[in-house]
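The values are calculated or read from the model by the stated rules, or taken from the named source; none is laboratory data. Bear in mind that the values here come from a model prediction, so they are computed numbers and not experimental data. Here the Cβ is made from the backbone with ideal geometry for all residues, glycine too, and neighbour counts use every protein chain on show. Accessible surface areas use protein heavy atoms only, side chains included; no ligands, DNA or RNA. Shrake-Rupley method; radii C 1.70, N 1.55, O 1.52, S 1.80 Å.
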Amino acid sequence: MKNVVSIEGVCDASSGGGAVMSGTKWQGVAFFRPWRLELDGRPSTDLLRVLLPARATSAAAMRDSRKMETGVVYRFAAALYPQQKNLLASAELRGRFSRVTAAGGPLAEADEKVAAKLRVKDPVLGVLIRPPRAEAFEGRLRLFGRSVPLTVDGPVDRASAAFARVKHALAGAPEAVAKKMLKLANDTWLDEPITARELHRRLKIEAVSIGVKALRLHFSCGDTFTDHGVVATVSVRGTIASAHLE
């Protein structure tokens with residue numbers, strides 16, 4: 001027996017949309033943030049992906065998706081998954097929708113925060129901007145003599161502390177990445193082998209991303225791996241824990 005609940009959420013069409021095939025039918029896609037209330041009474045700001053009612057064609061499903069309006073509150077019924085009492089743990093829901101014309105209360109207050117552009121000036125990471133309805137902060141960081149884009153997905157203070165801990169240990173990162181990627185380059189991608197020194201020379205830092213669990217360095221490397229770059233994960237000690245193509 002399905003445990004069906006009623007949910008209200010504020011549509012965030014700026015996060016995407018489109019249509020997906022489900023069996024022989026097509027379904028439009030909508031995103032909601034904020035939605036539902038947490039146990040402490042605050043609205044959840046995690047992005048919720050919802051599949052709209054099934055249609056016969058992709059065109060019909062796309063029209064459903066385009067009808068969803070950013071900032072509008074919708075009410076929909078959905079089954080809990082996993083089916084445990086009072087637990088909603090799915091990142092993908094299906095349900096019938098009705099539009100709620102009047103937004104108010106905690107959802108409206110949370111939507112104001114989500115829709116606001118935030119600017120933070122951090123002593124380590126510099127000026128960071130979170131665009132309206134975005135989850136991550138954006139900025140620029142100077143590393144290895146280059147100014148590159150910085151993305152912070154998670155609390156800024158934690159990202160700042162994490163980068164401060166490893167900053168001085170990063171000087172040897174490009175050399176370490178070159179050593180880790182050399183065998184793959186010579187064995188699989190290149191007709192003529194190169195040295196670790198040459199691969200090190202080709203590596204250019206292009207971006208830095210700091211998430212809740214990892215700090216990553218994104219490098220270009222000429223045409224060593226055709227159009228692929230290299231992403232390296234930095235350990236808590238500032239060493240290169242892993243490196244792979246992206």
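Kindly list, by first and then second residue, each pair from a residue in the stretch 219-242 that is over 15 Å from L199 (Cα atoms) and free of Cβ contacts under 8 Å to residues at least 40 places away in the same chain to a residue that is in a loop (DSSP other than H, G, I, E, B) and open to solvent by 10 Å² or more (accessible area, probe 1.4 Å), limited to pairs with Cβ atoms under 7 Å and residues at least 6 apart or on different chains.
Filtered contacts from the stretch 219-242: T233/A214; A241/S235.
I'd like to know if the stretch 152-164 contains one or more residues that are of a type in the set (D, E) and not in a loop (DSSP other than H, G, I, E, B).
yes
Return the only residue of F144, F163, F137 being at positive phi and among the aromatic types (F, W, Y).
On inspection, the qualifying residue turns out to be F144.
What residue, among those in the stretch 180-197 that are surrounded by 14 or more Cβ atoms within 10 Å (Cβ to Cβ) and more than 17 Å from R216 (Cα to Cα), is farthest from the chain's Cα centre (by Cα)? Spell out the reasoning first.
First, pick out the residues of the stretch 180-197 that are surrounded by 14 or more Cβ atoms within 10 Å (Cβ to Cβ): 180-182, 184-186, 189-190, 194, 196.
Adding the requirement that they be more than 17 Å from R216 (Cα to Cα) leaves 182, 184-186, 189-190, 194, 196.
Details: L182: 30, L184: 28, A185: 29, N186: 33, W189: 30, L190: 33, I194: 35, A196: 33 Å.
Applying the filter and picking the extreme gives I194.
To keep it simple, each residue is scored yes or no on (1) in contact with a Leu (Cβ under 6 Å, 6 or more places away or on another chain); (2) modelled with pLDDT under 95; (3) closer than 22 Å to P149 by Cβ.
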| residue | (1), (2), (3) |
| --- | --- |
| F163 | no, no, yes |
| K180 | no, no, no |
| D187 | no, no, no |
| E198 | no, no, no |
| R201 | no, no, no |
| V212 | no, yes, yes |
| R216 | no, no, yes |
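Looking for whichever is within 17 Å of S242 (Cβ to Cβ) and without any contact (Cβ under 8 Å) to a residue 60 or more places away in the chain here; the options are E175, E192, E206. Which one fits?
Just one listed residue meets the conditions, E175.
Identify the residue in the stretch 225-246 that is more than 22 Å from L125 (Cα to Cα) and touching an Asp or Glu at 6+ places or on another chain (Cβ under 9 Å) and, among all such residues, is most open to solvent (accessible area, probe 1.4 Å).
H228
Given the conditions (1) touching a Gly at 6+ places or on another chain (Cβ under 9 Å); (2) in contact (Cβ under 8 Å) with a residue 40 or more places away in the chain; (3) open to solvent by 50 Å² or more (accessible area, probe 1.4 Å); (4) more than 15 Å from S209 (Cβ to Cβ), which single one is not true for V127?
Looking at each condition in turn, V127 falls short on (2).
Of A159, A134, which residue is out of contact with any helix residue (DSSP H, G or I) (no Cβ under 6 Å at 6 or more places or on another chain) and at pLDDT 95 or above?
A159
Could you list, ordered by first residue, the pairs with Cβ atoms under 6 Å in which the first is in the stretch 48-75 and more than 18 Å from D111 (Cα to Cα) and open to solvent by less than 30 Å² (accessible area, probe 1.4 Å) and the second is at pLDDT below 95 and basic (K, R), at least 6 apart or interchain?
These pairs meet every condition: L51/R94; A61/R55.
Can you tell me which residue among A110, A89 is modelled with pLDDT under 95, in a loop (DSSP other than H, G, I, E, B) and under 25 Å from F32 (Cβ atoms)?
A89
May I ask you to list the residues in the stretch 130-166 that are closer than 13 Å to V208 by Cβ and open to solvent by 50 Å² or more (accessible area, probe 1.4 Å)? Outline the logic, then answer.
Step one: filter the stretch 130-166 for residues closer than 13 Å to V208 by Cβ, giving 136-144, 146-153, 159-160, 162-163, 166.
Within the stretch 130-166, E138, R140, R142, F144, R146, S147, P149, T151, D153 meet the criteria.
Report yes if A169 is open to solvent by less than 40 Å² (accessible area, probe 1.4 Å) and part of a helix (DSSP H, G or I), otherwise no.
For A169, the condition - open to solvent by less than 40 Å² (accessible area, probe 1.4 Å) and part of a helix (DSSP H, G or I) - is not met.
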